[in-house]
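S.K.: Supplied in structure tokens, the structure appears directly below.
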Amino acid sequence: MYQQMIGNLYIHIPFCLRKCPYCDFFSIPYDKEMEGRYCSALMHELTLRKDAICPLNTIYIGGGTPTVFEAGTIARLIEFINSNFGIENGAEITLEANPSSVSDEKLRLLRDCGVNRISIGIQSFDDMELKALGRLHNSTEAAAAIDIIRKYFGNFSIDLIYGVEGQGVEGWLRSVRTALSFSPLHISAYELTPEPATPFGRRVVEGDVSLPVEDDIAAMYDGAALAFARAGLCHYEISNFAVDGFQCRHNQNYWRRGLYIGIGAGAHSHLTCTYNNTVRSSNSADIAKYLNAIENNTLPTDETTVIDERQRLKETIFLGLRTAQGISAAEADVDCSELQPFIEHGLADLDGGRFKLTRKGFLVSNQIIGRLIAKI
Ligand code: SF4
């Protein structure tokens, strides 16, 4: 098997203090007893994958809620990575955090062990909306958590959610302005999507939730993008905004179809398999199976898909069109005449040979991407 060394690592910590009703990420209740065993399994998995890992350029510790772990556990993991594979100078090391599980001491220790970027799940600064989302924190705790983060990290990102039950455009823009008042270098703004397998998704199907109407959603997206632009954050991906130079490098690698290794239960990887082909694989999202496999010196791979040429083109389109860079018509093998209608309707631009969605186009990206992919 052809193997290219990879310097981008994702680490999944699937534990949360409580499951949010809208969340369809793989996450399970935090269990203190499990923390040490899971951390040892992560290190063991790294050892099993050692032939594919080179000095790391980006490390992203996501979840779940990584900050439910002790800072010492995260430090042990980073130290293990550094001593076995090396971490490049200037590497981006991100850790996802939650207001309910951070403290001054924990964030100081995390900075001291090498974490240099925090992504905090605030979602809203409105207490009613936070309640509707089933979050554990309130707006005062959210602001206090960001104040501590700012003490130790220049580079941090705030996650916000729009399209929440009972949320109006003005209420959403208040949260946007509050987020900007902390001068973050990066903001992610996601539309709340009812996933059918979640309690929230089921309530939506049963007609039990009244969500903002489509026009309001469009006004929320537009208003936020304008406010972020005025604050100097460039719109570099459908849901992501950053001061230039502070785009999330780890996530940019995903959107460029770069290779990465994901470790931990439920983590995904994109690896080489032959000189021309890549493979996407996922680890078992069953914690007991994951731990058993690793403790028996076996990779916990659940599914593996070889990415053939057709799938590669599809990925190039649906990942590339999420970004401000767009796609080159040549690399995505798209006929320019197919792009013309989108350009005429102000949904896309063709600029320097690259086809990019406009902000109006981002709002209907699923339909545009669906139409282009259907031709492949
Ligand atoms: S804290 Fe995040 S990962 Fe955990 S359940 Fe809530 S949304 Fe999901």
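S.K.: Scan 330, 374, 348, 293 and give me the residue that is in contact with a strand residue (DSSP E or B) (Cβ under 9 Å, 6 or more places away or on another chain) and more than 22 Å from residue 11 (Cα to Cα).
M.R.: Going through 330, 374, 348, 293 in turn, the sole match is 348.
S.K.: I've got another one for you. Residue under question is residue 59, and the condition is that it be crowded, with 21+ Cβ neighbours inside 10 Å, away from the ligand (no atom under 16 Å from the Cβ), part of a helix (DSSP H, G or I) and in contact (Cβ under 8 Å) with a residue 24 or more places away in the chain; does it hold?
M.R.: So residue 59 does not fit the description; no.
S.K.: Considering every residue within the range 195-211, establish whether at least one is touching a Cys at 6+ places or on another chain (Cβ under 9 Å), surrounded by 16 or more Cβ atoms within 10 Å (Cβ to Cβ) and farther than 23 Å from residue 173 by Cα.
M.R.: Checked against the condition, which is being touching a Cys at 6+ places or on another chain (Cβ under 9 Å), surrounded by 16 or more Cβ atoms within 10 Å (Cβ to Cβ) and farther than 23 Å from residue 173 by Cα, the range 195-211 yields at least one hit.
S.K.: Ok, one more. When the residues of the range 2-23 are filtered to those that are surrounded by fewer than 18 Cβ atoms within 10 Å (Cβ to Cβ) and either more than 8 Å from the ligand (Cβ to nearest atom) or aromatic (Phe, Trp, Tyr) (or both), which remaining residue is farthest from residue 72 (Cα to Cα)?
M.R.: 2
S.K.: Out of the residues in the range 70-100 that are among the β-branched types (Val, Ile, Thr) and assigned to a strand (DSSP E or B), state the one that is farthest from residue 57 (Cα to Cα).
M.R.: 94
S.K.: Could you please find all residues in the range 192-222 being touching a residue at least 40 places away in the same chain (Cβ under 8 Å), assigned to a helix (DSSP H, G or I) and not charged (D, E, K, R)?
M.R.: 199, 200, 201, 217, 218, 219, 220, 221 - these are the residues of the range 192-222 that are touching a residue at least 40 places away in the same chain (Cβ under 8 Å), assigned to a helix (DSSP H, G or I) and not charged (D, E, K, R).
S.K.: So, in the range 76-98, of the ones that are buried (at least 17 other Cβ atoms within 10 Å of the Cβ) and among the small types (Gly, Ala, Ser), which residue ends up farthest from the ligand (Cβ to nearest atom)?
M.R.: Filtering first and then ranking leaves 91.
S.K.: If you don't mind, another one. For residue 114, all conditions in the list (1) in contact with an Asp or Glu (Cβ under 9 Å, 6 or more places away or on another chain); (2) in a loop (DSSP other than H, G, I, E, B); (3) under 27 Å from residue 162 (Cα atoms) hold save one; what is the number of the exception?
M.R.: Tallying (1) in contact with an Asp or Glu (Cβ under 9 Å, 6 or more places away or on another chain); (2) in a loop (DSSP other than H, G, I, E, B); (3) under 27 Å from residue 162 (Cα atoms), residue 114 fails exactly one: (3).
S.K.: OK, next. Quick check: anything in the range 116-129 within 14 Å of the ligand (Cβ to nearest atom), small (Gly, Ala, Ser) and touching a helix residue (DSSP H, G or I) at 6+ places or on another chain (Cβ under 7 Å)?
M.R.: Yes, because at least one residue in the range 116-129 is within 14 Å of the ligand (Cβ to nearest atom), small (Gly, Ala, Ser) and touching a helix residue (DSSP H, G or I) at 6+ places or on another chain (Cβ under 7 Å).
S.K.: Quick test of your reading of the structure: residue 73 fulfils all but one of (1) farther than 30 Å from residue 275 by Cα; (2) within 16 Å of the ligand (Cβ to nearest atom); (3) at pLDDT 95 or above. Name the failing condition by number.
M.R.: Going through (1) farther than 30 Å from residue 275 by Cα; (2) within 16 Å of the ligand (Cβ to nearest atom); (3) at pLDDT 95 or above one by one, residue 73 breaks only (2).
The values are calculated or read from the model by the stated rules, or taken from the named source; none is laboratory data. Everything numeric here is computed off the predicted structure, so don't read it as measured data. Neighbour counts are summed over all protein chains in view; Cβ atoms, including those assigned to glycine, are modelled from backbone coordinates with ideal geometry.
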